[in-house]
Structure formats: C-alpha cells, structure tokens
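Contents: one structure, followed by commentary.
The values are calculated or read from the model by the stated rules, or taken from the named source; none is laboratory data. The structure presented is a predicted model; accordingly, all values stated were derived computationally and were not measured. Counting neighbours? That spans all protein chains shown, and the Cβs are built from the backbone with ideal geometry, glycine included. With ligands, DNA and RNA removed, areas are computed over all heavy atoms of the protein, side chains included. Shrake-Rupley method; radii C 1.70, N 1.55, O 1.52, S 1.80 Å.
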Amino acid sequence: MRIFVLTGAGISAESGLGTFRDKAGTGIWARFDPMKLATPEGFARDPEAVHAFYNTRRRNLLAAEPNEAHFALARLEAGLAERSGMLTLVTQNIDDLHERAGSRNVVHMHGELLKSRCAACDSVVDWRQDLSLEDQCEACGETGHLRPHVVWFGEMPLALDQIYGALAASDLFVAIGTSGTVYPAAGFVAQARALGIATCEINLEPSDDARLFDECRYGPASETVPAWVQDMLRQG
Ligand code: APR
C-alpha cells in the first residue's frame with residue numbers, strides 16, 4: 001500500500017502551535033498581516049518585523065512537543081515499510097514535530113522554521129536561535145542577507161516534482177489538518193481524484209473541499225489520526 005499524506009497546521013494545533021485560519025477568527029492571519037510578514041516584499045520593506053515574527057514562532061516551536069498524531073504517522077511509516085508499502089509524508093508545516101516524533105522522510109514544501117537561508121548565496125543551514133540582519137552567513141561571509149528558510153506567499157513551494165511524482169504513484173491520498181485553501185497543496189486532492197486515487201480527509205471539521213474526499217474522519221488529530229493509522233496497519 002502506497003499512502004501519500006499531506007499535513008497542515010491542524011496536526012500541530014494540539015502541540016500548541018497556532019493554525020492560520022479558523023472560524024473563530026483567532027488564527028495567525030487574523031492577528032498578523034501575511035502580506036507584511038510572509039511575502040518577499042514585506043521582508044524587503046521591514047526585515048526586522050519579519051525576523052521578530054519568525055523568532056517568536058521559532059521559540060514557541062522549541063518549547064513545543066509532538067502530539068499523538070505525529071507519533072501515529074511515524075508508526076505508519078515504519079509499519080508500511082515492514083509490509084513493503086510506503087508512506088510519502090508531505091507537510092505544509094514549517095515545524096519539525098514530524099521529525100521529532102520519529103518520521104524519517106518528511107517533505108517540507110513550505111520550508112523549515114529551524115533553518116536559515118542566505119539570500120546572497122542560497123546556502124541553507126540549521127538555525128535554532130533568533131535570526132537578525134546582523135547575522136553572518138557561514139558559507140559566503142555576507143551579513144544582512146539571512147532569512148528564515150520559509151516559502152512566502154508568491155514564492156515557489158519546494159520539491160514539487162518529487163511531490164507530484166509520489167502522488168501519482170500512490171494508492172491513497174490523505175489530507176490531515178489542512179483547510180485546503182492554499183495552492184498548490186489545496187489542488188492535490190483534485191489531482192488524486194483525476195488519477196483515480198482514493199482520497200480521505202482527517203480534520204477537526206469539514207474543509208471547504210470536503211465533498212472531494214471519498215472518506216472523512218472528523219475530530220482532534222490526536223484522536224482521529226492514531227485511530228486511522230491503527231485501521232491502516234490492521235489492513236496489512
Ligand atoms: N485537529 C485536526 N484538525 C485541526 C485541529 C485539530 N486539533 N485544529 C484545527 N484543525 C484544522 C482546522 O479546522 C483547519 O481546517 O486544521 C486546519 C488548519 O487550516 P489552516 O490554518 O488554513 O492551515 P493550513 O491548511 O496548514 O494552511 C496552509 O497556509 O498560510 C499558509 O504557509 C501557510 O502552510 C500554511 C498554508
């Protein structure tokens with residue numbers, strides 16, 4: 001069985017990391033302006049504000065822990081491998097909670113908060129402390145060019161060729177904890193359906209594209225994902 005899982009902010013919500021859009025209007029983008037803090041133009045206009053925004057999120061991440069949903073996906077990866085199956089785990093999240101829960105192959109299509117990228121030489125390195133314009137790039141020695149290794153609005157997500165190849169080769173597409181509002185990730189379910197691939201949505205509540213999914217499971221990810229993984233591994 002080859003399963004393609006796409007995760008979004010909802011899988012990390014119970015680890016204390018915020019989601020971006022929710023009906024209560026308390027999401028990150030209800031409190032912060034994404035055009036000022038998550039675009040190349042916003043970074044060029046006010047880099048200090050962007051660094052402060054991501055420095056706060058980086059500190060929150062370092063204080064957070066994976067939840068039962070992250071651990072369940074790590075069990076699924078190992079369990080499928082034992083059965084000559086395969087899990088492709090693609091996340092829209094920039095946190096490292098999948099890796100800390102034991103997932104070994106994670107594709108971060110929107111980048112990683114615990115890495116920095118040099119806009120002068122493109123080198124990407126692990127970065128766990130605050131980041132500022134004063135920091136120097138270890139590779140090229142330039143100062144003032146380091147940014148979070150995060151894909152901003154208007155920028156191309158990472159590893160899309162690998163992602164579409166894995167999606168086309170899968171037997172089941174599962175979206176977990178995502179509102180399905182940001183492309184290209186939001187288009188994966190339609191791509192899967194066009195290829196005759198079964199689809200499943202696991203979320204707190206129906207996403208806007210719920211009608212596109214063959215199977216739906218709703219509730220907190222820390223409960224719904226372990227139950228779903230147990231069912232998948234029981235199928236053998
Ligand atoms: N368990 C499961 N799902 C949850 C939980 C939970 N405990 N809490 C919230 N959710 C669901 C919400 O119902 C919502 O559908 O998670 C989803 C989160 O949606 P968004 O906040 O829009 O996050 P996401 O879909 O990951 O956003 C995609 O938008 O701003 C960009 O780059 C950012 O990667 C992000 C992208």
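So the values come out like this:
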item: Residues located in the range 80-126, provided they are closer than 26 Å to Glu14 by Cβ and assigned to a loop (DSSP other than H, G, I, E, B); result: Gln92, Asn93, Ile94, Asp95, Asp96, Ala101, Gly102, Ser103, Arg104, Asn105, Met109, His110
item: Inter-residue pairs, beta-carbon under 6 Å, first open to solvent by 80 Å² or more (accessible area, probe 1.4 Å) and in the range 23-34, second of a type in the set (Val, Ile, Thr) and within 10 Å of the ligand (Cβ to nearest atom), 6+ apart; result: none
item: Yes/no for Val174 being in contact with a Leu (Cβ under 8 Å, 6 or more places away or on another chain), surrounded by 13 or more Cβ atoms within 10 Å (Cβ to Cβ) and more than 30 Å from Phe53 (Cβ to Cβ); result: yes
item: The range 54-79: number of residues that are open to solvent by less than 10 Å² (accessible area, probe 1.4 Å) and assigned to a helix (DSSP H, G or I); result: 9
item: Selection within the range 3-18 - within 6 Å of the ligand (Cβ to nearest atom) and either without any contact (Cβ under 8 Å) to a residue 12 or more places away in the chain or not in a loop (DSSP other than H, G, I, E, B) (or both); result: Ala9, Gly10, Ala13, Glu14
item: Any pair with Cβ under 6 angstrom, 6 or more apart, that starts in the range 126-140 at a residue that is at negative phi and in the same structural domain as Ser116 (by TED's automatic domain parsing) and ends at one that is in a strand (DSSP E or B) and of a type in the set (Gly, Ala, Ser); result: Trp127/Ser116; Leu131/Ser116
item: Where a residue in the range 165-181 is under 18 Å from Glu215 (Cα atoms) and its partner, wherever it lies, is within 13 Å of the ligand (Cβ to nearest atom) and among the basic types (Lys, Arg), with Cβ under 7 Å and at least six apart; result: Ser179/Arg21
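Residues checked against (1) touching a His at 6+ places or on another chain (Cβ under 8 Å); (2) more than 16 Å from Ala221 (Cβ to Cβ); (3) away from the ligand (no atom under 14 Å from the Cβ); (4) not assigned by TED's automatic domain parsing to the domain that holds Thr178:
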| position | (1), (2), (3), (4) |
| --- | --- |
| Phe32 | no, yes, no, yes |
| Ala38 | no, yes, no, yes |
| Ala74 | yes, no, yes, no |
| Ala78 | no, yes, yes, no |
| Ser103 | yes, no, yes, no |
